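The values are calculated or read from the model by the stated rules, or taken from the named source; none is laboratory data. Note that this is a predicted model, so its numbers are computed, not measured. When we count neighbours, we look across all protein chains shown, and the Cβ atoms used for this are built from the backbone with ideal geometry, even at glycine. The protein model used for the area step is the full one, side chains on, heavy atoms only, and it has no ligands, DNA or RNA in it. Shrake-Rupley method; radii C 1.70, N 1.55, O 1.52, S 1.80 Å.
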Amino acid sequence: MSKVPAGPKPTVFKGHLDRVWSMCVTGEAETLTLYTGSEDGTIRAWNVETCEVKKVYQSHKGAIASIVVQDDNIVSASVDHTVIHWNLAGEIQKTFTQFEVSPRAVAATGDSFAVGCVDGKLKFFSMGAEGALTNEVNAHNDIISCVAFNSGDESGTQIFTASYDKTIKSWDPATGAKAQLFEGHTNHVKVIAFGNGGATLFSGSRDETVRTWNVMDGKPIIVLQMPGLCNTMAVYQGNLYCGFSDGKVRVLLNRVIQAKLAEFKKQNHTEFEAKKKEAEAKLEKTIKKMKAQLQKRIKQLQEASKPAEVPKGEGEEGDEEAAPAEEAAEAGDDARNAELGEKMQQELDQQVEFLRRNLQVKIADYGKVRDRKLVVDPELLQDYQSHLVQTLMYEGPSILAMCVGEKNLYIGSDNEVIKSSPHLAVQNL
C-alpha cells in the first residue's frame, strides 16, 4: 500500500486486491467514469466524484494487462491468453482466444481493435458478436509493451507499437504494412503517448530516457535523460506527465522544453552556418590556387613551344624555303598545346567537381551536428513538491498506470488509484 506524506488528504479509489496495470477515463460531467484493470483479474468502473465502485467486470482467469474503452465497448487483454469484448453493462459480447501467448496491450478505434502480444505479433480484430481476427503482423522481435492509435488521427489510419526490441513502429491497420520505424532507444521501450495534436510521439524506456519524435518521418526531436524508469505517461494541456518506478510523478513542461529546444536549435544552426561558410571559403581558395597553377603550366608549355630566335645574318639562305615548314611546325605545336591545355582544363574541372561533392558530404556531416538531439538539464525534470500536490509523492510502489480525465490526473500505484489536479501541479512548479 502506498505511503503518502503528510499534506492535503488525497482522493483515493480503493477496492482492487492487487496492482492496477491499466486505466482510462470516459464520459463527460455526471457520466464521467474511471475504468481500471488489475492484476486481481477484474475491471472496475468508478464514480470519479464519490470514488465508489459502479460495476465490477469479472470473467478473466488471470491478471488484466490492458484495457481500453471505445464508445459503449470495453476491450480487455489478460495473461490468461484471452481478450474479452464487453458492453458497458458488463455483458460479454465475445471472448477472443486466438492467442498462443499472452496478449499484452490493446487499443481501439471505431469498430475495431488491435492487440500486441508477448511474442511480438500484432493482431487486428473487428468488434461485436461476429467479431473476428482480420489481420496479423509479425511486428517485433520481442514483447509488444504498448499499442496506441494516434490520438490526432480520427480516421484510425495510424497505429503505433512499442517493444522490448528497443523500437517503435507505426502501421497501416488496413493492410498491416509498416509505415515508420523509430530507432534510438538502447533498452526496452515501455510506453508511448501523443502530443501536439498527434504530431509528436513521446516514449519512455528502460534506458532511463524519455524521447520525443516527429510522427511523420520517425526522426527523434529531443532526448530527455531521466532519473529512473518511466512506466506510464499522460498528456494534459501539452505537458507530459510521467509515472516512475520510484513512485514519483514528474511533469515535463512543454513551454520550457520548447524554449530550450528553440535555443538549442538556434545555437546549432549558428554553428552549422559558421562551419559551412569556413568550408566553402577554404574550397574556393583551393580552387583558385589550382586554376592559377593550371594557367602557369599552360603558359610554360606555350613558352617552350616557341621557336628559338635566330641571330641576325644567320640562315638567310633558304629562309624562303624553310618558312612554310616552320609555320606548319608552329601550327602543330599550337594545336598540341591547345589540346593539352583543354585536357588539363577538363582534369581541373573534374577535380573541382570532386572537391565540391566532398564539400557537400562535409556540410551534410555538419548538418548532423546541427540536428543532434537535445539532452535537457535535470533541473527541467520537476518533481511535484509543492504543498498542494504533495499527495503525488510516494514511498515504495511503482506507478504503473496513469490517465487524464476532465481536469484530474489519475495515478495507479500498487492496488490504489489516486486522483489529483494536473492544473494545480503545473501552477505550483
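A few points about this structure:
- Spatially proximal lysines relative to LYS265 (Cα-Cα < 29 Å; intrachain offsets below 8 disregarded): LYS166, LYS169, LYS190, LYS219, LYS275, LYS276, LYS277, LYS282, LYS362, LYS368, LYS373
- Take the Cβ atoms of ASN187 and ASN87, set R0 to 41 Å, and the FRET efficiency comes out at 0.55.
- Descending principal axes extents, the stretch 1-147, alpha-carbon based, whole Å: 49, 30, 24
- Measuring r between the beta carbons of LYS285 and GLU339 and using R0 = 25 Å, the FRET efficiency lands at 0.25.
- Gained length - ASP18 relative to SER245, 0.36 nm times residue gap less alpha-carbon distance: 80.0 nm
- Here the average projected area of the convex hull drawn through the C-alpha atoms of the stretch 168-257 stands at 5.9 nm².
- Per-residue extension of 0.36 nm, minus the Cα-Cα distance of VAL56 and ALA274, leaves a gain of 72.0 nm for this segment.
- Rough spin-label spacing in nm, given labels placed 7 Å along Cα→Cβ, for ALA177 and GLU353: 3.7
- Peptides 115-124, 219-228, ordered by how many other C-beta atoms sit within 10 Å of their residues on average, highest first, read 115-124, 219-228.
- Site pair LYS219 and GLN258 shows an inter-label distance of 2.0 nm when each label is modelled 7 Å from Cα along Cα→Cβ.
- On the beta carbon distance between ASN47 and LYS266, with R0 = 45 Å, the FRET formula returns roughly 0.35.
- ARG357 contributes an accessible area of around 130 Å² to the protein surface, as traced by a 1.4 Å probe with all chains present.
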